[in-house]
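See below for the structure under consideration.
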Amino acid sequence: AIFNKDILFEYDSYTVAPEYQGQLKDIAAWLNLNQASKLTIEGHCDGRGTIDYNLALGQKRAESVMSQLVKLGVKEERIKTISYGKEMPADPGNTEAAWAKNRRAHFKVESGGAK
């Protein structure tokens with residue numbers, strides 16, 4: 001369940017809000033217990049702004065979340081970051097509520113074992 005909740009961002013920001021610290025601690029604890037697992041953090045943006053700007057912002061969002069996890073003891077080489085910019089919206093609407101859902105970092109976990 002800790003990986004099912006996205007971390008949301010304010011408009012034009014890649015600062016992780018304090019309310020997500022508990023979730024990040026839980027994710028770090030899980031990763032530190034499950035050493036064979038790897039994490040991909042996807043950075044996403046809302047539909048405003050240029051493609052290039054949103055790809056860069058999405059990358060900063062993913063890296064900001066990764067940085068927090070590394071501070072909590074997760075080895076950086078176990079985390080990948082990728083930006084999808086505005087290409088994969090969680091909500092395709094053009095409303096403030098939809099945009100708020102799209103400004104996010106999303107998690108994907110790969111269990112360890114044979115490749």
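To keep it simple, each residue is scored yes or no on (1) of a type in the set (Phe, Trp, Tyr); (2) touching a Leu at 6+ places or on another chain (Cβ under 6 Å).
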{"site": "13", "(1), (2)": "no, no"}
{"site": "17", "(1), (2)": "no, no"}
{"site": "22", "(1), (2)": "no, no"}
{"site": "30", "(1), (2)": "yes, no"}
{"site": "45", "(1), (2)": "no, yes"}
{"site": "52", "(1), (2)": "no, no"}
Please determine whether any residue of region 95-103 is out of contact with any Phe, Trp or Tyr (no Cβ under 8 Å at 6 or more places or on another chain), of a type in the set (S, T, N, Q), part of a loop (DSSP other than H, G, I, E, B) and at pLDDT 95 or above. yes
Give the residue that is least open to solvent (accessible area, probe 1.4 Å), with candidates limited to residues of region 75-94 that are of a type in the set (A, V, I, L, M) and in a loop (DSSP other than H, G, I, E, B). 90
Do we find that residue 65 is part of a helix (DSSP H, G or I), open to solvent by less than 70 Å² (accessible area, probe 1.4 Å), among the β-branched types (Val, Ile, Thr) and in contact (Cβ under 8 Å) with a residue 40 or more places away in the chain in this structure? yes
Report, by residue number, each residue of region 19-61 that is among the charged types (D, E, K, R) and surrounded by fewer than 20 Cβ atoms within 10 Å (Cβ to Cβ). 19, 25, 26, 38, 48, 52, 60
Cβ pairs under 8 Å, 6+ apart or interchain, first in region 88-110 and closer than 9 Å to residue 46 by Cα, second in a loop (DSSP other than H, G, I, E, B) and of a type in the set (Phe, Trp, Tyr), ordered by first then second residue, are 99/11; 103/9; 103/11; 104/9
Pairs under 7 Å by beta carbon, first residue farther than 21 Å from residue 77 by Cα and in contact (Cβ under 8 Å) with a residue 12 or more places away in the chain in region 23-49, partner open to solvent by 20 Å² or more (accessible area, probe 1.4 Å) and of a type in the set (Gly, Ala, Ser), six or more apart or different chains? none
Condition first: of a type in the set (Val, Ile, Thr), modelled with pLDDT of 95 or more and open to solvent by less than 60 Å² (accessible area, probe 1.4 Å). Can you find one or more residues in region 9-18 that meet it? yes
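The values are calculated or read from the model by the stated rules, or taken from the named source; none is laboratory data. A quick note: this is a predicted structure, and the numbers were derived from the prediction, not measured. Heads up, the Cβs are rebuilt from the backbone with ideal geometry, glycines too, and the neighbour counts pull from every protein chain shown. Heads up: the accessible areas ignore ligands, DNA and RNA and are worked out on the full protein's heavy atoms, side chains in. Shrake-Rupley method; radii C 1.70, N 1.55, O 1.52, S 1.80 Å.
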